[in-house]
Every structure is written in C-alpha cells, then in structure tokens.
Number of protein chains: 2
Amino acid sequence: MKKLINAPDDVIEEALTGMELAHSDILKVHRNPNFITRSSKTRKGKVAVISGGGSGHEPLHGGFVGLGMLDAACPGAVFTSPTPDQMEEATKAVDGGAGVLHIVKNYSGDVMNFEMAADLCGEAGISVESVIIDDDVAVKDSLYTEGRRGVGCTVFAEKIAGAAAERGDDLKKTAEFCRRVNEVGRSMGMALTSCTVPSAGKPTFEIGADEIEMGVGIHGEPGRERMKQKTAHEYVQMMGEAVVSDIPYKNGDELIVLLNGMGGTPLMELYLLYNEFEQFCKAKGLKIVRRLVGNYITSLEMQGFSISAVKADEKLLALWDAPVHTAGLRWGI
Amino acid sequence: MKKLINAPDDVIEEALTGMELAHSDILKVHRNPNFITRSSKTRKGKVAVISGGGSGHEPLHGGFVGLGMLDAACPGAVFTSPTPDQMEEATKAVDGGAGVLHIVKNYSGDVMNFEMAADLCGEAGISVESVIIDDDVAVKDSLYTEGRRGVGCTVFAEKIAGAAAERGDDLKKTAEFCRRVNEVGRSMGMALTSCTVPSAGKPTFEIGADEIEMGVGIHGEPGRERMKQKTAHEYVQMMGEAVVSDIPYKNGDELIVLLNGMGGTPLMELYLLYNEFEQFCKAKGLKIVRRLVGNYITSLEMQGFSISAVKADEKLLALWDAPVHTAGLRWGI
C-alpha cells in the first residue's frame, strides 16, 4: 500500500487537524467524540442541519459545513459509520432552539446510529427530524445496505436543506425540501480501479486491467455488472439512462446535475464526461440548468465517476442559488 | 490503459467542450486555434493576463480564466506546449489597449512558442510583457527544461497578477508583481505513481510498489531521487526544507501556501499533509497566512503532492484577497 499518511490509525485525527488548520475561518473540529461545526454558533431560532458518515468521501461531509449548508458533520473512521455519541453531541452543540435535521445516507450502521442519537436528543428535549437519502439506482440491496444506497444526491440535499434552514424555514419545511430532493434525485457510479482502506492495507476489490465495475458503491461495493472497459460515451449512455428513467422524467424537465469524480479521476476526464452527459440529456429533451463538475463525494483514490441528477423546480433552484460558504462549495460570498 | 475517454485524439476537444458547457457563465472556448477567454470582452484600458501550456494539469490554466485572474488560457495537447498561433490569437482577442502579460512556465517549448507569439503581437502593435515562472527547486535542468521547471507558483502568479490587472495596474506594474511572486515563491513535488498520457497508452515511468519519486516534475519528469516509501511526515520535512530554505526565509516570515494534489490523491491525505506542513512551518518560525489545499496543478491521474510557498507581504496579500471568479478558484463574489 502506497499512501501519503503516517500510521493508519492516525489518519482521521491528522486529516481533521489539517482540515481545521486550513479552514479555521469556516469550521471548528471538536474531539472526543469527533464532530465538525461551523466556527460560529447557530443563530437563535435557526434550524440546524447535520450529516455524517464514514470518512474517505471528502469533501463530503465536513467540507460542506458552513454558512448556507451544514451546521455540523460527524466523521466516522474510514468507510465506517460514526457512533451515536458523535451525532448526539453534534446535535446538542448546534441546536439553536428550532430543532435539528439529520441527513442520513442509507447504510444500515448510519441509519441505526443516527436513530439512536435522535432518540437520545429527543429525550433531552431537542426536536429532531431525519431524512434518509437512498438515491443510488445501481442495485436494490447491497453490502452494508437494505434498499438503495445513499450517494451523490446527498450533496444536493445538504445544499438545499442548508439553504432553507439558513433563510429561516422551520424544521418541518426544511425536512420537506430534503425529502423532495431525495424523491426527485437519482445517482449511479462506476469504477476503473479499487480503493485501499488504510487500515486494510490492500485493495477493497480485485479488478482486471481491462475491466470496470458498473454501478459501484462509494465503499467499493459491487454494482450491477463487472464488464469489459468501454468508451466514455458508452458509460454515460448506460448510467444516464439508468438515472433519468428512474426519476422519472418527461420532455422539457430541468435538472441540477453532479458529474462527480471518485477521487482519483483527472478533471480533464470529468469535463469530457460532462460533455457526454449534456449531449445525452439534450437528446432526451432534458435541460441541465445547474451543474457541479468535480470531486464532491469520493472513495479515497478510486478512479471512476458518478452521475447524480435532481429534477429542478423554481423553489429548489432558489435554494440551490442561495449563497454558500464552505470548504468544498462556495458562491455568492 | 484504463481511462474515461473516447478516442485518445479527441480528448482535448471533448474536454474543452465539456468545460465550456459547465462554465458558460465564466468562459468561452475558441477553436482553430484553441484558446479560452472570459465570456465577456476585456474592459477597455485593462491589462490582459494570459497563460497556457500543455493540457493534463487541470484546473490550470483554463480553470483560472475569469474575473480577477486570467483573461485567456491556451491549452496544448496533453503535456505538449501550445503553438505560437494559439498565444498570438489569444493575445489579439483579449488586448484591451493596455497591453498583455504572458505568464510562461519554464519549459523550452512553452518559452519558445510564447516568445514567437509575443514577437508577432509586438509587430501588430500590442505591448507584451513576459514573465517566466521557474519555481521548482527539485532539479536544475530537466527533461524539456533548461534551468528550473515552472510548477505550483504559477497559480500564485496568475492570481496575483490577475488581481493587479483587474484593479487597473498598468502592464509594467502587473508584470512586476508577477516577477515578485516568482522571486519569492518556491515549489517541490513527489509522486507515488506515474500518470499515463492518453496517446502514449502506457505509464510515463515505471516505479516499484514500495518506491516514490522525490522531486518529480508535473509531466512525470525525474526528480532528485528515487527512494523507498516513507511517512507523510518525512516527505513534508524533506520537501518543506528544500522549499523554504531556497526562498530564503527568516524567522517570522509569512507565507501563502499551496498544498497541491497531483490529480489522483484523496483530499483526506492532502489535509493530513497540510497539517504536517503547518507543524513544519511553526517549528521554523514561519507563519502560513493564506493557503489552498486541493488539486490546482495536476498531472492527470498521478498520485502525489507538491508544496508551493510564496513569501507574503502586505501588497501581495491585498492582491491575493481580491475577489476572483473562475471555475477553479472563487471568492468574494
């Protein structure tokens, strides 16, 4: 294993310290248990929005803590759910009296641990709403997951719910926007290579020099099919069809799109893939009205990409366009 | 070779189209010859700032075209200098009557072709100043280069000269700021893996499973030493010492720092490395006052990182902090 680390056991602690040093204007790292909050306290009466999950998907989630997006993020060990006490302490730390929204990617450990934290916070008198993101159309059940996995649409959910909370929407309305994103948002990924979890020391899966994994999960979970490598055009046709037909879409629909790198994919290739997806949408009568192209939800050094799309409407677009100031996403400020 | 492309010959054209589609609010791609300009014309009387070089280093340079940074960028084939007609046409397209600054990374082909373009534009009555960036302390001469290579400090040069031009500094002053950045800026990189140029179809260099290349160039050129792999701490000590001792520095100096990923390095590792560099600087009595952590000047899918540092002063910091709105760097807007 070749990695730019010291001891595998210290990766998370050292990376969190580096993140805090790099972005001290935006965020603050709390220890024992680990969670990341904004550098400033939650405005009284503002709904707080929290997410979390295993580390190794950066910038998700810590990179989305800041004005207009998350109030806190709970990083677990690499590809491992955070523990309930992380979410409990984070929830208590950022509650501004108007309740807290938990955005949870659909993995069994995450769902269970967020639920335990929500119960404990409820007993302490904090209103908590939870929204589970399960946008991955690749497979129905998977390693670590019952039902669909939660992947790229989490970025949309965090941006849109975060903007709703920031402008003063109440907890019910903020949660509704988050659920709406999940209802009309779909994703699918693929990988050229595996990733290596530092503590494991060897690739998560083996893959041939001419093979790819279509529908891969963000922890290297198996997808729909192991296949011989194809062209960018063919990948985008397959994945694009799987994503948009599942939304479902009709001619003239508008989309917010994430063309996402898995961590080890050059930006040049992501732009090339984005071009393919624009052409694909045009042929379907779909219009991309907003987009992100880059590494937003990654799988360590995995090479590959994913497509996420959410059907846009006026309300979602207003929230998408609202100012945001985080380490991973910034505009309007 | 596994890549997310169609035909290797079409990579640049398709990636440029995707880039333009993704960022049509910021930039425009011109064809035959290829160059990228801002979507709006140069303000009359504003100095224009241009850079360019081989593709495969994205977001450099096209990702830095936009308000407060470059007026145009000229992308060559992958790892190949752009041709003189690209720079000539770009210069003519963005000249606002106040002259044009060429920011040139020190590679023989780039230097020669930018020089030819500058001569042709001079004959056409456009004032051109050229600044050559040669900040890589790793080796003196290299493949493709006489003297030191131009690497990460190019990002600082483009931001700072771009801000000077944007606020209305004249050509001489804008070029002076650019030269100043090069005088007090230094860089060094390392690689865990090679990259593969699409048209070559095989890795640029071979490297053992337990080896790294210390001082690697951004095209995979050899560095100072092929060595057995070490810890992140050891890499940062070696590279940090090489960079700051060459500036040179004195106790209490302030730095603007780029902790840069080579394209295939996870953000988690870049944050971990940034922590190491902060500790290194603290021990030397150096203070990091601004920083970027991420992929800013890459080598396709190479895994590795580089450290760039420029000695800050009040004037450079004011220019650094000025608003910027590009695909790769954005703040204040």
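General observations
- Inter-part distance where region B:1-73 and region A:1-23 are each reduced to a Cα centre, Å: 33
- Inter-label distance, nm, simple model (7 Å from Cα along the C-beta direction), B:Glu183/A:Lys172: 6.6
- Mean shadow area of region B:121-177 over all directions, Cα convex hull, nm²: 5.0
- Label point 7 Å beyond Cα of B:Gln229 along Cβ direction - residues of region A:184-227 with amide nitrogen under 18 Å: A:193-207
- J(HN,Hα) series, region A:302-318, from Karplus relation 6.51 cos²θ - 1.76 cosθ + 1.60, nearest Hz, glycine and proline x: 4, 8, x, 8, 9, 10, 10, 9, 10, 6, 8, 9, 4, 5, 5, 5, 4
- Beta bridges by DSSP in region B:80-233, antiparallel share as percent, to the nearest 5: 55
- Amide H contacts of A:Glu211 (H built 1.01 Å from N, under 5 Å, at least 5 apart or other chain): A:Gln229
- Orientation-averaged projected area, Cα convex hull of the protein assembly as shown (nm²): 25.9
- Summed over qualifying helices (DSSP H, 4 residues or more, each -39500 (n - 2.57)) and divided by its residue number, chain B shows a 222 nm mean residue ellipticity of -10500 deg cm²/dmol.
- Region A:175-305: radius of gyration over Cα atoms, expressed as a fraction of 2.2 N^0.38 Å: 1.08
- Selection of trypsin sites (Lys or Arg not before Pro), region B:237-333, meeting DSSP coil and at most 15 other Cβ within 10 Å: B:Lys250
- Residue separation of B:Asp321 and B:Ser108 scaled by 0.36 nm, minus their Cα-Cα distance, works out to 73.4 nm of gained length.
- Label geometry 7 Å along the beta-carbon vector: A:Leu317 inter-copy distances in nm: 4.2
- Across peptide B:273-279, the mean count of Cβ atoms from other chains lying within 10 Å of each residue's own Cβ comes to 5.
- Think of region A:14-184 as having a plus end and a minus end, set by charges on the Cβ of Lys, Arg, Asp and Glu; of A:Gly99, A:Leu67, A:Ser51, A:Leu67 sits farthest toward the positive end of this dipole.
- Looking at chain A, the pairs of alpha carbons with a distance over 33 Å make up 21% of the total.
- Average beta-carbon neighbours from other chains, 10 Å sphere, peptide B:298-304: 4
- Out-of-range pairs (alpha-carbon distance over 20 Å; input A:Lys159/A:Lys311; A:Lys228/A:Lys282; B:Lys173/B:Lys315; A:Lys172/A:Lys250; A:Lys202/B:Lys3): A:Lys228/A:Lys282; A:Lys172/A:Lys250; A:Lys202/B:Lys3
- Within chain B, longest stretch free of exposed GluC sites (Glu not before Pro) [DSSP loop, at most 15 other beta carbons within 10 Å]: B:1-145
- Distance between modelled label sites at B:Asp210 and B:Leu143, nm, 7 Å Cα→Cβ extension: 2.6
- Segment B:Ser40..B:Arg290, full-extension length gain: 87.1 nm, with 0.36 nm per residue of separation and the alpha-carbon distance subtracted.
- Measuring spread by the Cα atoms of region B:1-80 yields a radius of gyration and Dmax of 13.0, 48 Å.
Throughout, read-outs are computed from the coordinates displayed, never taken from laboratory work. Note that the coordinates shown come from a computational prediction; the quantities given were computed from them, not determined experimentally. Virtual Cβ from ideal backbone geometry, glycine too; neighbours counted across all protein chains shown.
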